[in-house]
Amino acid sequence: MRPLRETDLYAPVRDFLTAQGFTVRAEVRGCDVSAVKGDRVVVVELKLGFTLDLLLQAVRRQRVADLVYAAVPRPAKAAHEARLRENLPLLRRLELGLLVVDLRAPRALVEVALQPVPFQRRRDDKGRRALLRELALRSGDDNAGGSTRRPLVTAYRENALLVAAALARFGPLAPRQLRALGTGPKTLSILRSDVYGWFERVDRALYRLRPSGAAALQTYADVVQRVATTLPPV
């Protein structure tokens with residue numbers, strides 16, 4: 001069997017929150033799992049065990065979220081489970097919750113071992129707005145919580161892929177032509193900045209897709225299939 005990874009915890013935690021009516025997205029503004037329902041924001045940090053890094057990350061998330069949980073896998077041995085429970089007083093003092101994910105069951109189960117106590121402290125309003133804005137702009141859930149193995153699909157990357165898909169479908173176009181196709185108000189900025197190296201200017205106001213952009217359309221084919229539905233047919 002392959003070693004357990006943090007990403008193995010993501011799907012059970014996502015499904016657990018989704019069943020409670022939350023909209024869930026992975027890897028938003030550095031948070032492993034972010035969920036929103038109405039104006040309520042929940043963040044979950046995924047780890048294979050308790051570490052100082054886990055606690056520091058979770059405490060930082062309290063500035064942008066209403067409730068913050070740590071999520072860890074259920075230990076295989078009873079002695080290890082007892083040690084896991086010994087962390088509850090510390091988590092309670094830090095006003096953090098704990099989710100225990102049992103991956104040994106035929107269907108992964110999530111137990112709420114500790115609910116976070118509602119807290120009142122100084123909020124990072126700018127960071128909270130940025131997290132909510134990114135959640136609103138993403139059209140799908142294309143990342144796995146805890147993942148570091150592939151570039152994240154952010155709202156910006158989604159928009160860049162839409163621009164790339166339009167150039168692949170219609171050939172070289174000017175920014176105004178792309179915007180008329182529905183690529184959005186950031187089209188010119190995306191083309192000029194060319195953060196990913198996908199675009200090439202061939203005239204004063206004309207851009208085409210580089211081979212690297214065509215390759216990206218294949219790499220993110222699942223995302224492109226969804227975002228490009230707004231483009232008209234050839």
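Quick grid of which residues meet (1) in contact with a helix residue (DSSP H, G or I) (Cβ under 6 Å, 6 or more places away or on another chain); (2) modelled with pLDDT under 95:
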| residue | (1), (2) |
| --- | --- |
| ARG40 | no, yes |
| THR51 | no, yes |
| ARG60 | no, yes |
| TYR69 | no, no |
| PRO75 | yes, yes |
| HIS80 | no, yes |
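Quick one: count up the residues across segment 144-195 that are of a type in the set (S, T, N, Q) and over 20 Å from THR229 (Cα atoms). Matching residues across segment 144-195 total 4. Could you list all residues from segment 136-171 that are surrounded by 16 or more Cβ atoms within 10 Å (Cβ to Cβ), in a loop (DSSP other than H, G, I, E, B) and of a type in the set (Val, Ile, Thr)? Once the filter is applied, which keeps residues that are surrounded by 16 or more Cβ atoms within 10 Å (Cβ to Cβ), in a loop (DSSP other than H, G, I, E, B) and of a type in the set (Val, Ile, Thr), segment 136-171 yields VAL153, THR154. How about segment 187-212: which of its residues are touching a Phe, Trp or Tyr at 6+ places or on another chain (Cβ under 8 Å) and hydrophobic (A, V, I, L, M, F, W, C)? ILE190, LEU191, VAL195, PHE199, LEU209, listed by residue number.
Does ALA26 fit the bill of being touching a Leu at 6+ places or on another chain (Cβ under 8 Å), assigned by TED's automatic domain parsing to the domain that holds HIS80 and buried (at least 22 other Cβ atoms within 10 Å of the Cβ)? Against the criterion (touching a Leu at 6+ places or on another chain (Cβ under 8 Å), assigned by TED's automatic domain parsing to the domain that holds HIS80 and buried (at least 22 other Cβ atoms within 10 Å of the Cβ)), ALA26 does not qualify. Scanning segment 172-224 for residues that are without any contact (Cβ under 8 Å) to a residue 24 or more places away in the chain, assigned to a strand (DSSP E or B) and not acidic (Asp, Glu) returns a single hit, ARG201.
The residue pairs whose first member lies in segment 46-69 and is of a type in the set (Asp, Glu), whose second member is modelled with pLDDT of 95 or more and in a strand (DSSP E or B), and whose beta carbons are closer than 7 Å, counting only pairs six or more residues apart or on different chains, are ASP66/VAL41; ASP66/VAL42.
Checking every residue in segment 18-41 against the condition of being within 17 Å of the chain's Cα centre (by Cα), in a helix (DSSP H, G or I) and under 16 Å from VAL112 (Cα atoms) gives at least one match. How many residues does segment 55-83 contain that are over 15 Å from LEU4 (Cβ atoms) and assigned to a helix (DSSP H, G or I)? Number satisfying all stated conditions: 12.
The values are calculated or read from the model by the stated rules, or taken from the named source; none is laboratory data. Here the structure is a predicted model, which means the values were calculated and not measured. We place every Cβ from the backbone using ideal geometry, glycine too, and count neighbours over all the protein chains shown.
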